[in-house]
1. Taking region 338-358, which residues are touching a helix residue (DSSP H, G or I) at 6+ places or on another chain (Cβ under 7 Å) and within 11 Å of residue 113 (Cβ to Cβ)?
2. Need the failing condition index for residue 236 against (1) in contact with a helix residue (DSSP H, G or I) (Cβ under 7 Å, 6 or more places away or on another chain); (2) closer than 23 Å to residue 122 by Cα, just the number.
3. Just give me the residues in region 387-396 being more than 12 Å from residue 78 (Cα to Cα), part of a helix (DSSP H, G or I) and touching a helix residue (DSSP H, G or I) at 6+ places or on another chain (Cβ under 7 Å), in sequence order.
4. Does residue 112 count as surrounded by 23 or more Cβ atoms within 10 Å (Cβ to Cβ) and within 28 Å of residue 416 (Cβ to Cβ)?
5. Which condition number does residue 128 fail, the rest of (1) at pLDDT below 85; (2) surrounded by 22 or more Cβ atoms within 10 Å (Cβ to Cβ); (3) not in a helix (DSSP H, G or I) being met?
6. Could you check, for region 20-36, whether at least one of its residues is modelled with pLDDT under 90 and more than 18 Å from residue 234 (Cα to Cα)?
7. Pick out, from region 132-242, the helices (runs of 4 or more DSSP H) lying fully within it that include 3 or more residues that are surrounded by fewer than 19 Cβ atoms within 10 Å (Cβ to Cβ) and in contact (Cβ under 8 Å) with a residue 24 or more places away in the chain.
8. Starting from residues that are buried (at least 21 other Cβ atoms within 10 Å of the Cβ) and part of a loop (DSSP other than H, G, I, E, B), keep the ones in region 437-464 and report whichever is modelled with the highest pLDDT.
């Protein structure tokens, strides 16, 4: 059984070209998605929400995310291997397909969803330019909607097919462009507010908190929500970290990239939300709505391009490279980069095309989010095996060795202890979901599940 192809092979030292700036911009792209903007704005617009507490919760989440990233990124930087290959050490050479395919399914779903969000934002803005093109409804979308989806999908496909160096170039280009337009949008809103912006800012920061208990609950909710937003990216981080020049570059990039981009973008979102409220006298959590209300055609066109850029950025970081590697790991001999990428792009296009008419109606979002929580135990098992069982020393050549005498062959290529730990932890998570308040536990349950799986796997694996 062949276990290696160009996607899964060890990255050679001369190919490790990612520096601190690229990692910094990687996290800038992760922060700048439309979904991330809307989520952050919603946190600030919550009833009786104090802006200081929200910013504090985001800062705490940033520190936790950095720690988790450094832990999962180390083996990939050290040995130059992607996530599916790293998972073979703990799950077995065949068992690694379980977390890989689960992660890939979630990523493809959100790739399609993000593509639809970007296409929808572009279509709304393009209607200002070509209103005569509206018409031809099919699957709850008209001609402009379909044209936007096709264009966004094709551009992303062309970009991603160029390979990892082009992706690196795009990441470095996209981040400052999005920040530039967001700051321009904020400036236009502040100018139009006629001095009301300053008073509105004071209101957001001076909101009183009923009690220390309420403040603590608010802090936990914000921290957990931001952690849940980044959780899928955390598990995928090794796919990018393996291209870092060394571990110091990775850690420095993570610290600067997460702290500055998470908190910096949150501050831009806060001020933009406040400025929009000052101008339009209503809460607007979606930047597309804000641009539409400004009624500036030039800004609309620029915003359409930038919103697409932000979505392509998050799709690169979280939703494309991961499923391509995961699908490739299923049949490495037959599914190289191009074939795995085509499968990913086709499935993602189906998701985006069916989003408004089918997926939104049957409530698949909650189901996919629920699947995403199951990735937390995989994170815990992989870290437990690497740090506690292997003591940070793996036999890399054995990760690509398929004979029954191989170190990571276990039982017919599956590690029963790791997979049973995953199953047991997932059952517990599902049971807890029925009894614990979801608003409070979002993100926190991810940490608890990862920690529990880490301890359980260590306790059973150390006996063997």
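The values are calculated or read from the model by the stated rules, or taken from the named source; none is laboratory data. It should be emphasised that the depicted structure is a prediction, and the values quoted were computed from it without experimental measurement. A quick note on method: Cβ atoms are made from the backbone with ideal geometry, for glycine too, and the neighbour counts reach across all protein chains shown.
1. 348, 351, 352, 355
2. Unmet condition: (2).
3. Residues satisfying the conditions are 388, 389.
4. On the way: surrounded by 23 or more Cβ atoms within 10 Å (Cβ to Cβ): yes; within 28 Å of residue 416 (Cβ to Cβ): no.
Criteria not met by residue 112.
5. Against the list (1) at pLDDT below 85; (2) surrounded by 22 or more Cβ atoms within 10 Å (Cβ to Cβ); (3) not in a helix (DSSP H, G or I), residue 128 comes up short only on (2).
6. Yes.
7. 143-161, 164-192, 196-205, 212-236
8. This residue is 443.
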